[in-house]
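S.K.: Would you mind keeping the following structure in view while I ask a few things?
Please treat every number below as a calculation from the coordinates, not as lab data. Here the structure is a predicted model, which means the values were calculated and not measured. Heads up, the Cβs are rebuilt from the backbone with ideal geometry, glycines too, and the neighbour counts pull from every protein chain shown.
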Amino acid sequence: MSIRDNIIQATKDHVKINLKDAEGGHDWFHTLRVYNNAKLISKNEKVDKFVVALAALLHDIADSKFHNGDDTIGPKRAREFLFKHNVDSLVINNVVDIINNISFNKSLEKQRKFTSLELDVVQDADRLDAIGAIGIARCFNYGGFKNRKLFDPSIKPDTNITKQEYKHSTAPTINHFYEKLLLLCEKMNTKTGKIIAKQRHQFMEQYLDQFYAEWDGLK
């Protein structure tokens, strides 16, 4: 294997160990799906595939949701790991910038602080795993993890939610569809991401129709 292949393998091994006890929607298998999504999208984009691979693998190494909202831990751990493996400083900086800017709550800020084609690819790869059948499963898994209600008709979704409100939300799980999941299709960056997202988006709409029908005893 090449040096880069060895680094990617070492990164996979590192992430597997660090996420072995993670919540089911943010575990190694989530990371692996994002990594595979990123490889698929990269085939049609002129990007640095090494940067994309490392960013996809390390993007959730320390998700702020599980670290009291601290979004500095993940980038710090990623930088330390890559530095330890003698990765070029420019690559490290690009990967860290992607991790710092990939999350949905960053899109709730008024101005995007960092842009790159590699970020576009990894962000799309991560967002694809938040929608469709797996996205639905992850959504309810996290809601159960946080002991949230499935649905409460009296609590309406906040479609103008701010970054801080989003990070501290305790709303029912169904609300998350309207506050995030159903918004992602229109936020995709790449052509491949948009194509895949469209089908997954339609699946979520069908699911919600069925959910409400069952909730009301109509089906």
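S.K.: Taking the Cα centre as origin and putting +1 on Lys and Arg beta-carbons and -1 on Asp and Glu beta-carbons, what dipole magnitude results for the stretch 87-185, to the nearest 20 debye?
M.R.: That gives a dipole near 460 debye.
S.K.: Spin-label point model (7 Å from Cα, Cβ direction): what's the Q199 to I17 distance in nm?
M.R.: 3.8 nm
S.K.: In degrees from 0 to 90, rounded to the nearest 10, what is the angle of the helix 73-84 Cα long axis to the longest principal axis of the chain?
M.R.: The angle comes out near 20 degrees.
S.K.: Show me, for the stretch 30-37, the HN-Hα J-couplings you get by feeding each phi into the Karplus relation (A = 6.51, B = -1.76, C = 1.60, θ = phi - 60°), rounded to Hz, glycine and proline as x.
M.R.: Taking θ as phi minus 60°, the curve returns 4, 4, 5, 5, 5, 4, 5, 4 Hz for the stretch 30-37.
S.K.: Here is a further query. Quick check on my link table: of K43/K156; K43/K65; K163/K191; K20/K187, which ones sit more than 29 Å apart, alpha carbon to alpha carbon?
M.R.: With Cα atoms farther than 29 Å apart: K43/K156; K43/K65; K20/K187.
S.K.: Between D209 and K46, what FRET efficiency follows from the Cβ-Cβ distance if R0 is 45 Å, with the result rounded to 0.05?
M.R.: The calculated FRET efficiency here is 0.70.
S.K.: What is the local net charge at K194, summed over the other residues whose Cβ is closer than 10 Å to its Cβ (Lys, Arg +1; Asp, Glu -1)?
M.R.: Net of charged neighbours comes to +1.
S.K.: Select from T162, L19, I7 the residue farthest towards the positive end of the dipole of the chain; place +1 on Cβ of Lys and Arg, -1 on Cβ of Asp and Glu, and compute about the Cα centre.
M.R.: Positive-most Cα among the choices belongs to I7.
S.K.: Connecting C-alpha atoms closer than 10 Å in a GNM of the chain, tell me which of L58, L181, L40 has the biggest fluctuation.
M.R.: L40
S.K.: Return one number: the angle in degrees, 0 to 90 and rounded to the nearest 10, between the long axis of the Cα atoms of helix 89-101 and the longest principal axis of the Cα atoms of the chain.
M.R.: It works out to around 10 degrees.
S.K.: A further question on this structure: Given points 7 Å out from each Cα along the Cα-Cβ axis, report the D152 to A133 separation in nanometres with one decimal.
M.R.: Label at D152, label at A133, 3.2 nm between them.
S.K.: Give the relative contact order (percent, whole number) for the chain; include only Cα pairs under 8 Å separated by 6+ residues.
M.R.: 20 percent
S.K.: Students often forget the sequence filter, so: which aspartates and glutamates lie under 15 Å Cα-Cα from K219 once same-chain residues fewer than 8 apart are removed?
M.R.: Those aspartates and glutamates meeting the cut-off are D209.
S.K.: Return the calculated 222 nm mean residue ellipticity for the chain, to the nearest 500 deg cm²/dmol, obtained by summing -39500 (n - 2.57) across DSSP H runs with n ≥ 4 and dividing by the residue count.
M.R.: Helix contribution divided over all residues of the chain: -18500 deg cm²/dmol.
S.K.: Still on this structure: Which of rounded, prolate, oblate describes the stretch 98-169, given a ≥ b ≥ c as roots of the alpha-carbon gyration tensor eigenvalues and a/c under 1.5 marking rounded, otherwise prolate only if a/b is larger than b/c?
M.R.: Oblate, because a/c is 1.5 or more while a/b does not exceed b/c.
S.K.: Which listed residue (W215, P172, S64) has the Cα farthest towards the positive end of the charge dipole for the chain, taking +1 on Lys and Arg C-beta and -1 on Asp and Glu C-beta about the Cα centre?
M.R.: Going by the Cα projections, it comes out as S64.
S.K.: Using a Gaussian network for the chain with springs between C-alpha atoms less than 10 Å apart, which of these wobbles most: L150, L128, L19?
M.R.: Comparing L150, L128, L19 in the GNM, the peak value goes to L150.
S.K.: If you build a Gaussian network model of the chain, linking Cα atoms that sit under 10 Å apart, which residue out of N105, N160, N93 swings the most?
M.R.: Its mean-square fluctuation being the largest, the pick is N160.
S.K.: A further question on this structure: Using the crude model of +1 on Lys and Arg Cβ and -1 on Asp and Glu Cβ, and no other charge, please compute the dipole size for the chain relative to its Cα centre, in debye to 20.
M.R.: Once rounded to the nearest 20, the dipole reads 280 debye.
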